[in-house]
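**Student:** Below you'll find the structure I mean.
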Amino acid sequence: MNYLLPIEEKGYKYQRLIGTGGIGSGILFNLDGDHTMGRNESRSGELTPFRDYCKLHIISHYPTVLLGQGKKGFQTYPIGHVGDDDAGAVLVQEMKAVGIDTSGVSVIQGKPTLFSVCFQYPDKSGGNITTSNSAAELVSEEDIDAFCAGMPVNGANEMILSVPEVPLAPRIRILEQGRKRGSFNIASFLSGEAAGFVAEGRIKLVDLLAINIDEAAAITGGAKGLASAEIALRCARQLMEDNPKIMLIVTCGAEGSYTWHQGRLEYSPTFAKPEDVVSTAGAGDAFLGGVIAGLLCGLPLTKGISDDTFGKTPLGSAVELGTLVSNLKVTSPDTIYHELDANMLIEACHIMDMKLSDAFETMFGYK
């Protein structure tokens, strides 16, 4: 099967995904030494041939590919800028090749395409440094308004995605547009943006917030000595003060993820074996892309039970689909696993002898 099927006969739950965030490329260094990089430290590292991409491109890639490359009643529309350079041209062509509609991606003269230098420690953890003077920095609120003006007014069958690597103002504007249009709003932000975003009440614009454990700790004001579950729970409760219906996903690397939904915190473990992990770069974005694909197909966000091992009970949630995608992604050196498709997900479940819910079986074409 080349794509995931909708669970309901009427089709996918949403027909389009409109998002703004980073579109760019980069390089990856495998650092020598496992200690955390110091402020004034110079460190040697191996420059790898692996391909790096930025957030909006990574996240939007997976639902587009998994749902049939924009040909099965669903379409992805990124809003962003690239530079008038070879890197920008290649990125736009790669997005078009998998079925992403690039009509909202503009080429900016005199500015470079967004570029990121990623670094990875021997234990496969790591981070990145991203350019702040790229074409992506010129994405504006006017760009968001102009694109949305060309879309159908009713956004009830539409997802909005707001992610970093473009300025915060247009990311907020696309959420405001989503609220006005009746869309399902998904957002993430960086640790340094967390306190201000929440303090200014912007969380009211969000239906699903997807962040990592460090970003959750930034919202709560500190997490010294707290377990990940407690951080996620405190974060959810704080966000509920402004948005009682907020859905929250907190990813915790190899530990797994915690999801707050309908008054309950649910844990979902990972399953990738350490010896199979090639690179964790892009895993969190792949996770969110998989979650979005699951929601588009009609899966519930959570399944109502926390498993201590992945697949202990039948797979049935969008979070578990996201876990499948991210745990397969870490076996690839690139931040986008281009070979990953619906058939690979089905094969992985077969190899691991996973039990599937009726919804998963329908999505996989077994029914």
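The values are calculated or read from the model by the stated rules, or taken from the named source; none is laboratory data. Computed from a predicted model, the values in this text were never measured in an experiment. Here the Cβ is made from the backbone with ideal geometry for all residues, glycine too, and neighbour counts use every protein chain on show.
**Student:** For F50, which of the numbered conditions (1) in contact with an Asp or Glu (Cβ under 7 Å, 6 or more places away or on another chain); (2) buried (at least 21 other Cβ atoms within 10 Å of the Cβ) fails to hold?
**Tutor:** (2)
**Student:** So, in region 338-367, of the ones that are among the aromatic types (F, W, Y) and over 16 Å from F271 (Cβ atoms), which residue ends up surrounded by the fewest Cβ atoms within 10 Å (Cβ to Cβ)?
**Tutor:** Y366
Quick grid of which residues meet (1) of a type outside the set (V, I, T); (2) out of contact with any helix residue (DSSP H, G or I) (no Cβ under 7 Å at 6 or more places or on another chain); (3) at pLDDT 95 or above:
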| position | (1), (2), (3) |
| --- | --- |
| I160 | no, no, yes |
| G222 | yes, yes, no |
| L233 | yes, yes, yes |
| L239 | yes, no, yes |
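**Student:** How many of the residues making up region 114-129 are of a type in the set (A, V, I, L, M), in contact (Cβ under 8 Å) with a residue 40 or more places away in the chain and surrounded by fewer than 18 Cβ atoms within 10 Å (Cβ to Cβ)?
**Tutor:** The qualifying residues number 1.
**Student:** Residues to consider are L114, L175, L190; find the one that is within 24 Å of C252 (Cβ to Cβ) and either under 18 Å from the mean Cα position of the chain (by Cα) or hydrophobic (A, V, I, L, M, F, W, C) (or both).
**Tutor:** L190
**Student:** Which of the following residues is within 19 Å of A187 (Cα to Cα) and among the aliphatic types (A, V, I, L, M): I100, I59, I27? So that I can check it myself, show each step before the final result.
**Tutor:** Values: I100 fails: within 19 Å of A187 (Cα to Cα); I27 fails: within 19 Å of A187 (Cα to Cα).
Sole residue among the options that is within 19 Å of A187 (Cα to Cα) and among the aliphatic types (A, V, I, L, M): I59.
**Student:** Would you please name the residue that is modelled with the lowest pLDDT, looking only at residues in region 38-73 that are in contact with a helix residue (DSSP H, G or I) (Cβ under 8 Å, 6 or more places away or on another chain) and part of a loop (DSSP other than H, G, I, E, B)?
**Tutor:** G70
**Student:** Could you go through region 230-247 and let me know if any residue there is assigned to a helix (DSSP H, G or I), under 19 Å from I213 (Cβ atoms) and either touching a Gly at 6+ places or on another chain (Cβ under 6 Å) or among the basic types (K, R) (or both).
**Tutor:** So far as region 230-247 goes, yes, one or more of its residues are assigned to a helix (DSSP H, G or I), under 19 Å from I213 (Cβ atoms) and either touching a Gly at 6+ places or on another chain (Cβ under 6 Å) or among the basic types (K, R) (or both).
**Student:** I need the full set of residues from region 340-355 which are more than 10 Å from V65 (Cβ to Cβ) and either touching a Gly at 6+ places or on another chain (Cβ under 7 Å) or in a loop (DSSP other than H, G, I, E, B) (or both), in order please.
**Tutor:** Filtering region 340-355 for residues more than 10 Å from V65 (Cβ to Cβ) gives 343-355.
Selection gives M352, D353, M354, K355.
**Student:** While we're looking at this one, here's another question. In region 293-325, which residue that is of a type in the set (A, V, I, L, M, F, W, C) and not in a helix (DSSP H, G or I) is surrounded by the most Cβ atoms within 10 Å (Cβ to Cβ)?
**Tutor:** Step by step, filter region 293-325, then rank; the result is L299.
**Student:** Could you please let me know if A187 is under 19 Å from E165 (Cα atoms) and surrounded by fewer than 16 Cβ atoms within 10 Å (Cβ to Cβ)?
**Tutor:** no
**Student:** Just one of G99, G178, G196 is surrounded by 18 or more Cβ atoms within 10 Å (Cβ to Cβ), at pLDDT below 95 and not in a strand (DSSP E or B); which is it?
**Tutor:** Result: G99 is the single residue among G99, G178, G196 that is surrounded by 18 or more Cβ atoms within 10 Å (Cβ to Cβ), at pLDDT below 95 and not in a strand (DSSP E or B).
**Student:** Only one residue in K111, K13 is in contact with a strand residue (DSSP E or B) (Cβ under 8 Å, 6 or more places away or on another chain) and either in a helix (DSSP H, G or I) or buried (at least 16 other Cβ atoms within 10 Å of the Cβ) (or both). Which one?
**Tutor:** None of the other options fit; the residue is K111.
**Student:** Confirm whether D334 is modelled with pLDDT under 95, out of contact with any helix residue (DSSP H, G or I) (no Cβ under 6 Å at 6 or more places or on another chain) and crowded, with 17+ Cβ neighbours inside 10 Å.
**Tutor:** yes
**Student:** Name every residue in region 130-145 that is more than 21 Å from the chain's Cα centre (by Cα) and buried (at least 20 other Cβ atoms within 10 Å of the Cβ), in order of residue number.
**Tutor:** Correct list: S134, A135, D143.
**Student:** Say whether the condition of being surrounded by 22 or more Cβ atoms within 10 Å (Cβ to Cβ) and under 30 Å from V92 (Cα atoms) is met by at least one residue in region 34-47.
**Tutor:** No.
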